Amino acid sequence: MDRLMGWKSALAGAALVVMSFWGCPPAEGAERPAEGKPIDVVICLDVSNSMDGLIGSAKQKLWDIVNDLGKVKPTPKLRVALYSYGNNGYDQKAGWVRKDLDLTTDLDTVYQKLHALTTNGGEEYVARVCRDALEQQKWSPDKDALKVIFVCGNEPASQDPLMKLSPVADLARKRGVVINPIFCGPAQSGDAVDWKEFARLAGGRFASIDQDRGAVAITTPMDRELAELSARLNTTYLAYGKEGEARALNQQAQDANAARASSGAAASRGVAKASGLYRNESWDLVDRAQVDPKFDVKKLPPGELPAVMQKMTAAEREKYVKEVRAKREALQKQINELNARRTTYINEQMRKSPSRADQAFDDAIRGALSEQGAARGINIPRNR
């Protein structure tokens, strides 16, 4: 039994490094790894006046949330969408609601859109933004999928004169989507009443948070090295196709955005980039070769290749991609080993200064994901 468990542990460790988001083609003669269950997450953020702290918290903690999901075995099929609402610069006919991004596996674009959000006063129609998310998104049809909406705000949730909370909750239940209302204020506030009721109606988990508290990140001695390794990972991406160069530049831009948020956010982003959830096969040759067994880099037109590969022979291309993949795997291994020390450090600091659960943006989301994932047979461990 011990030998069997050891074999399974070794296989899982290898899979973390070499699997892409959907799972890589198995090595010749190896057993194909099981595919993880789909996880669709839609985040709806109130961007009215005074909500800068909420947006800042999301910028700080998005990668920590991703890293929780990155620990799930088998690696899940994560997609994230983003809505913002309550900004009076948005379309009044749409209830001051804006769809910023459809469900996507492209985590760099999620972070890019998140960093582009700005606040401005307006009406905050909670029911409307949730209704739009339910109707506009192409949710996973998998019966075992975890499908959740997190809607965050600080005013009464029943402001919308046209759309009421109850029918939206009914629609969510019908479509197998759980709505988790997060109230940015004290749970005892009168404004929180509607949020609690919405959670009850939608079968979700109510949380009250201090929107500013989530912006506080624990700095560790490992953060700088993790950020450096994250930058080195970028050199293992071989951008191809029409969008390749732009997507590679966006990868670097989101590294910079994370670094501006905090050293902890930059470190957490580096950890996420070393996980199976960070997938870029639409523009990176290494990921594409891993996920698509029919893809043949030797047949790609030279003009679609990165400059360094355009004069290579067919055999040289194939060899080069394999060499770059090996370099990436080595860096990912370094990052994962260093992150184990970082996690231990953070846990020690948290024990010294314990805090009440759900008082921070990421605590509320991570707690709900863990609880609701378990109901779908998805074990989501917490990084701390």
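With the checklist (1) at pLDDT 95 or above; (2) touching a strand residue (DSSP E or B) at 6+ places or on another chain (Cβ under 9 Å) in hand, flag the one item G70 doesn't pass.
G70 satisfies all of (1) at pLDDT 95 or above; (2) touching a strand residue (DSSP E or B) at 6+ places or on another chain (Cβ under 9 Å) except (1).
This table checks each residue for (1) modelled with pLDDT under 95; (2) in the same structural domain as G53 (by TED's automatic domain parsing); (3) outside any loop (DSSP other than H, G, I, E, B).
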| site | (1), (2), (3) |
| --- | --- |
| D287 | no, no, yes |
| P293 | yes, no, no |
| V324 | no, no, yes |
| A330 | no, no, yes |
| N339 | no, no, yes |
| T343 | yes, no, yes |
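Of the numbered conditions (1) free of Cβ contacts under 8 Å to residues at least 60 places away in the same chain; (2) surrounded by 24 or more Cβ atoms within 10 Å (Cβ to Cβ); (3) over 24 Å from A266 (Cα atoms), K93 satisfies every one except a single condition; which is it?
The number of the failed condition is (2).
Is it fair to say F361 is of a type in the set (F, W, Y), in contact (Cβ under 8 Å) with a residue 60 or more places away in the chain, surrounded by 13 or more Cβ atoms within 10 Å (Cβ to Cβ) and touching a helix residue (DSSP H, G or I) at 6+ places or on another chain (Cβ under 7 Å)?
Details: of a type in the set (F, W, Y): yes; in contact (Cβ under 8 Å) with a residue 60 or more places away in the chain: yes; surrounded by 13 or more Cβ atoms within 10 Å (Cβ to Cβ): yes; touching a helix residue (DSSP H, G or I) at 6+ places or on another chain (Cβ under 7 Å): yes.
Yes: the conditions hold for F361.
Just to verify a result, which residue in segment 210-227, among those that are at pLDDT below 90 and surrounded by 20 or more Cβ atoms within 10 Å (Cβ to Cβ), is nearest to C44 (Cα to Cα)? Show your work before the answer.
Going through segment 210-227, the residues at pLDDT below 90 turn out to be 210-218.
Narrowing further to those that are surrounded by 20 or more Cβ atoms within 10 Å (Cβ to Cβ): 211, 214-215, 217.
On the way: Q211: 14, G214: 16, A215: 18, A217: 22 Å.
Looking at residues that are at pLDDT below 90 and surrounded by 20 or more Cβ atoms within 10 Å (Cβ to Cβ), I get Q211.
Residue-by-condition table, conditions (1) in the same structural domain as S50 (by TED's automatic domain parsing); (2) farther than 22 Å from D52 by Cα; (3) hydrophobic (A, V, I, L, M, F, W, C); (4) surrounded by 23 or more Cβ atoms within 10 Å (Cβ to Cβ):
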| residue | (1), (2), (3), (4) |
| --- | --- |
| G153 | yes, no, no, yes |
| M163 | yes, yes, yes, no |
| A172 | yes, yes, yes, yes |
| W195 | yes, no, yes, yes |
| R200 | yes, yes, no, no |
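Looking at G276, G204, which is the one that is more than 18 Å from N336 (Cα to Cα), in contact (Cβ under 8 Å) with a residue 60 or more places away in the chain and outside any helix (DSSP H, G or I)?
G204 is the lone residue from the list that is more than 18 Å from N336 (Cα to Cα), in contact (Cβ under 8 Å) with a residue 60 or more places away in the chain and outside any helix (DSSP H, G or I).
Looking at A187, is it among the aliphatic types (A, V, I, L, M), free of Cβ contacts under 8 Å to residues at least 24 places away in the same chain and either in contact with a strand residue (DSSP E or B) (Cβ under 8 Å, 6 or more places away or on another chain) or under 16 Å from A368 (Cβ atoms) (or both)?
yes
Can you report the number of residues in segment 77-94 which are part of a loop (DSSP other than H, G, I, E, B) and in contact with a Phe, Trp or Tyr (Cβ under 9 Å, 6 or more places away or on another chain)?
In the first step, residues of segment 77-94 are kept if they are part of a loop (DSSP other than H, G, I, E, B); the result is 86-91.
Filter again for in contact with a Phe, Trp or Tyr (Cβ under 9 Å, 6 or more places away or on another chain), leaving 86-90.
Residues meeting the conditions: 5.
Does E243 qualify as being in contact (Cβ under 8 Å) with a residue 12 or more places away in the chain, over 14 Å from L107 (Cβ atoms) and not assigned by TED's automatic domain parsing to the domain that holds L107?
It is true that E243 is in contact (Cβ under 8 Å) with a residue 12 or more places away in the chain, over 14 Å from L107 (Cβ atoms) and not assigned by TED's automatic domain parsing to the domain that holds L107.
How many residues are modelled with pLDDT under 80 and in a loop (DSSP other than H, G, I, E, B) when one looks only at segment 346-365?
Residues in segment 346-365 being modelled with pLDDT under 80 and in a loop (DSSP other than H, G, I, E, B): 7 in total.
With assigned to a helix (DSSP H, G or I) and either closer than 22 Å to D68 by Cα or in contact (Cβ under 8 Å) with a residue 40 or more places away in the chain (or both) as the only criterion, which of A266, A248 stands out?
Working: A248 fails: either closer than 22 Å to D68 by Cα or in contact (Cβ under 8 Å) with a residue 40 or more places away in the chain (or both).
So the residue among A266, A248 that is assigned to a helix (DSSP H, G or I) and either closer than 22 Å to D68 by Cα or in contact (Cβ under 8 Å) with a residue 40 or more places away in the chain (or both) is A266.
Out of (1) in contact (Cβ under 8 Å) with a residue 60 or more places away in the chain; (2) surrounded by 17 or more Cβ atoms within 10 Å (Cβ to Cβ); (3) over 20 Å from G377 (Cβ atoms); (4) among the polar types (S, T, N, Q), what's the single condition that is false for S84?
Evaluating S84 over (1) in contact (Cβ under 8 Å) with a residue 60 or more places away in the chain; (2) surrounded by 17 or more Cβ atoms within 10 Å (Cβ to Cβ); (3) over 20 Å from G377 (Cβ atoms); (4) among the polar types (S, T, N, Q) leaves (1) as the failure.
Just to check your reading of the model, which residue among V168, V110, V129 is under 11 Å from S84 (Cα atoms) and either in contact with a Ser or Thr (Cβ under 9 Å, 6 or more places away or on another chain) or buried (at least 22 other Cβ atoms within 10 Å of the Cβ) (or both)?
None of the others qualify; the one that does is V129.
The values are calculated or read from the model by the stated rules, or taken from the named source; none is laboratory data. Computed from a predicted structure; not experimentally measured. All Cβ positions, glycine included, derive from the backbone under ideal geometry; neighbour counts span all protein chains shown.
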